[in-house]
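Enquirer: Attaching a single structure in structure tokens format; questions to follow.
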Amino acid sequence: MATHFDLLIRGGTCMLPWGAAETDVGVRDGRIAAIGPAGSATATAEIVATGLHVLPGLIDPHVHLRDPGDASIESIPTGTKAAVLGGLTAVFDMPNTSPSIVNAETLAWKQGYAAREAWCDMGLYVGGTKTNIPDLASLEVAAGVCAVKVFAGSSTGDLMVEDDEHLERIMRAGQRRIAYHSEDEYRLQARKPNYKSGDPYRFHMEWRDEECAFLGTRRLMALARRTGRPAHILHVSTWQELDYLRDYRDIATVEVLVNHLTQFAPDVYDTLKGFGVMNPPIRGREHYEAAWAAIANGTVDTIGSDHAPHPKAAKLKPWPDCPAGLTGVQTLVPVMLDHVNAGRLSLARMVDLMAAGPARIYGALNKGRIVAGYDADFTLVDLKKQRRITNDWIVTPAGWTPFDGMQVTGWPVGTIIRGQQVMRDDEVLGTPTGKLVAFR
Ligand code: DOR
Ligand code: ZN
């Protein structure tokens, strides 16, 4: 290995694309310069990673950085600080923030803000709406944009495209993969009058039932086939969709949320009440099991947290007045590592879902793999470390997590972004140096 590096990570077990290897990694100018025994090579900074796993920088491709109180001004610094504490090197931020990201002006606002204030690298979604269709082709190729996001069913915010005519026009208005919130809005609205304020929290999954999600996905797949426009179905939550989407792999990729892999009804509503309410809902055990089967058989491409930090006071309201959405950007990696330790997936599959997967699906350049020339983004993991996730560890102002009290095995102990260590042992280092991710 060549002589001098900016950073040398010695002695860790590196999760290379072709397998795990106990080896060293040399970094120069923010990029991976060498992989192999470092021998007598020197470096400006060294990390001794003996006993640790060195993963390619893990990505959360589904966050809503929109903190309580002030919708936006504080949320990029706090949300991305939570991300690096949780072992993430990049997050992709949804457009239903305040302001919504739907045109060149609002996009420029978020691009600038991300470049100045983010602790980790960021990708930005642009919202597709009924009124910005002519602009989408240029918006989707703007700096840092990971995808157009379409809310085909209502959730937080006012971005919504419920009808086939507008959905088809959006699909015909560009090239890149579109990310969808898939719940059929007509069915949601038709069922709403069946429920009243104060009904049990578990009625959330009866109102937004399996058919809402499945029907939404069937409609989107018909349009995607017709138009040839690639689709990424976010937070797939039913066994029916997971089964069905296997016949659409030519056109569709699949995200599953960590919540749908960790919690199920009715337990989640009995114990968490409003703090378990999200869209699409956490459902019964058969869906949880189907999600794990889809992880095992390869149907799932990416895993996200859907971090959506609603204030505690709002989540304490009776159903359905409590807003839908759970915090998650800080807990995603610890909870997934615990699943690895429990034998539910391999560490290699976790890396595939959380680094290589998002890079491939969204076309992120130079991210997601430990290979020479790629960005030197790493998540250092202690697979044996045991800890309890608690609300007081959460740094976003919401200050709560649906995983409060969960004992986990496996913890991120270092976050390195483009060769710079930004988190070590629960401590954030330096100043925010996040950049916009470059996409194909
Ligand atoms: O539960 C959710 N909350 N699901 C979404 O799709 C949006 C999110 C939010 O923005 O609050
Ligand atoms: Zn979301």
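The values are calculated or read from the model by the stated rules, or taken from the named source; none is laboratory data. Predicted model, so just to flag it, every value in this text is computed and none were measured. Heads up, the Cβs are rebuilt from the backbone with ideal geometry, glycines too, and the neighbour counts pull from every protein chain shown.
Enquirer: Would you pick out the residues in the stretch 105-137 that are part of a helix (DSSP H, G or I), of a type outside the set (Asp, Glu), in contact (Cβ under 8 Å) with a residue 12 or more places away in the chain and under 30 Å from residue 184 (Cβ atoms)? Before you say what the answer is, go through the steps one by one.
Expert: Of all residues in the stretch 105-137, those part of a helix (DSSP H, G or I) come to 105-117, 133-137.
Still in the list and also of a type outside the set (Asp, Glu): 106-116, 133-134, 136-137.
Within this subset, residues satisfying the condition of being in contact (Cβ under 8 Å) with a residue 12 or more places away in the chain are 107, 110-111, 113-116, 133-134, 136-137.
Those that are part of a helix (DSSP H, G or I), of a type outside the set (Asp, Glu), in contact (Cβ under 8 Å) with a residue 12 or more places away in the chain and under 30 Å from residue 184 (Cβ atoms): 107, 110, 133, 134, 136, 137.
Enquirer: Let me ask something else. Report whether or not residue 284 is surrounded by fewer than 23 Cβ atoms within 10 Å (Cβ to Cβ), within 24 Å of residue 192 (Cβ to Cβ) and touching a His at 6+ places or on another chain (Cβ under 6 Å).
Expert: For residue 284, the condition - surrounded by fewer than 23 Cβ atoms within 10 Å (Cβ to Cβ), within 24 Å of residue 192 (Cβ to Cβ) and touching a His at 6+ places or on another chain (Cβ under 6 Å) - is not met.
Enquirer: Among the candidates 262, 299, 217, which residue alone is at pLDDT 95 or above and farther than 25 Å from residue 340 by Cα? Working first, answer last.
Expert: Working: 262 fails: farther than 25 Å from residue 340 by Cα; 299 fails: farther than 25 Å from residue 340 by Cα.
One residue alone meets the criteria, 217.
Enquirer: On to the next question. Condition test on residue 404, is it of a type in the set (Asp, Glu) and within 21 Å of the chain's Cα centre (by Cα)? First the steps, then the outcome.
Expert: Numbers: of a type in the set (Asp, Glu): yes; within 21 Å of the chain's Cα centre (by Cα): yes.
Judged against the criteria, residue 404 is a match.
Enquirer: Sort out which residues of the stretch 299-312 are buried (at least 21 other Cβ atoms within 10 Å of the Cβ) and of a type outside the set (Ser, Thr, Tyr), and write them in order of number.
Expert: Of everything in the stretch 299-312, those that are buried (at least 21 other Cβ atoms within 10 Å of the Cβ) and of a type outside the set (Ser, Thr, Tyr) turn out to be 300, 301, 303, 304, 306, 307, 308, 309, 310.
Enquirer: Condition test on residue 312, is it touching a residue at least 24 places away in the same chain (Cβ under 8 Å) and farther than 22 Å from residue 389 by Cβ?
Expert: No; evaluated as a whole, the condition is false for this residue.
Enquirer: With respect to the numbered conditions (1) touching a helix residue (DSSP H, G or I) at 6+ places or on another chain (Cβ under 9 Å); (2) outside any loop (DSSP other than H, G, I, E, B); (3) within 16 Å of ligand 2 (Cβ to nearest atom), which one is the sole condition not fulfilled by residue 279?
Expert: Result: residue 279 fails condition (2) only.
Enquirer: Can you tell me which residues in the stretch 421-440 are closer than 14 Å to residue 118 by Cα and in a strand (DSSP E or B)? Outline the logic, then answer.
Expert: Of all residues in the stretch 421-440, those closer than 14 Å to residue 118 by Cα come to 422-423, 428-437.
Within the stretch 421-440, 422, 423, 428, 436 qualify.
Enquirer: Check off (1) within 16 Å of ligand 2 (Cβ to nearest atom); (2) farther than 23 Å from residue 213 by Cβ; (3) acidic (Asp, Glu) for residue 140 and give me the number that stays unchecked.
Expert: So residue 140 meets the others, but not (1).
Enquirer: Here's something else I'd like to know. So, in the stretch 313-349, of the ones that are polar (S, T, N, Q) and assigned to a loop (DSSP other than H, G, I, E, B), which residue ends up surrounded by the fewest Cβ atoms within 10 Å (Cβ to Cβ)? Show your work before the answer.
Expert: Here is the first cut: in the stretch 313-349, the residues polar (S, T, N, Q) are 327, 330-331, 341, 346.
With assigned to a loop (DSSP other than H, G, I, E, B) added as a condition, the list becomes 327, 330-331, 346.
Working: 327: 29, 330: 27, 331: 27, 346: 12.
Among those that are polar (S, T, N, Q) and assigned to a loop (DSSP other than H, G, I, E, B), it is 346.
Enquirer: Quick one: residue 266 ticks every box in (1) in contact (Cβ under 8 Å) with a residue 60 or more places away in the chain; (2) buried (at least 20 other Cβ atoms within 10 Å of the Cβ) bar one, so which box is it?
Expert: Among (1) in contact (Cβ under 8 Å) with a residue 60 or more places away in the chain; (2) buried (at least 20 other Cβ atoms within 10 Å of the Cβ), residue 266 violates only (2).
Enquirer: Also, I was wondering about something else. Just one of 375, 392 is among the charged types (D, E, K, R), free of Cβ contacts under 8 Å to residues at least 40 places away in the same chain and at negative phi; which is it?
Expert: 392
Enquirer: Does the stretch 276-294 contain any residue that is touching an Asp or Glu at 6+ places or on another chain (Cβ under 6 Å), away from ligand 1 (no atom under 13 Å from the Cβ) and under 22 Å from residue 324 (Cβ atoms)?
Expert: The answer is no, given that none of the residues of the stretch 276-294 is touching an Asp or Glu at 6+ places or on another chain (Cβ under 6 Å), away from ligand 1 (no atom under 13 Å from the Cβ) and under 22 Å from residue 324 (Cβ atoms).
Enquirer: Looking at the stretch 48-65, is at least one residue more than 18 Å from residue 417 (Cβ to Cβ), touching a residue at least 40 places away in the same chain (Cβ under 8 Å) and away from ligand 2 (no atom under 16 Å from the Cβ)?
Expert: Within the stretch 48-65 (the criterion being more than 18 Å from residue 417 (Cβ to Cβ), touching a residue at least 40 places away in the same chain (Cβ under 8 Å) and away from ligand 2 (no atom under 16 Å from the Cβ)), the answer is yes, since at least one residue qualifies.
Enquirer: Just checking, does the stretch 110-125 include any residue being crowded, with 24+ Cβ neighbours inside 10 Å, of a type in the set (Phe, Trp, Tyr) and either away from ligand 1 (no atom under 16 Å from the Cβ) or under 19 Å from residue 431 (Cβ atoms) (or both)?
Expert: Scanning the stretch 110-125 turns up at least one residue that is crowded, with 24+ Cβ neighbours inside 10 Å, of a type in the set (Phe, Trp, Tyr) and either away from ligand 1 (no atom under 16 Å from the Cβ) or under 19 Å from residue 431 (Cβ atoms) (or both).
Enquirer: Of the residues 229, 246, which single one is of a type in the set (Lys, Arg) and part of a loop (DSSP other than H, G, I, E, B)?
Expert: Exactly one residue qualifies, and that residue is 229.
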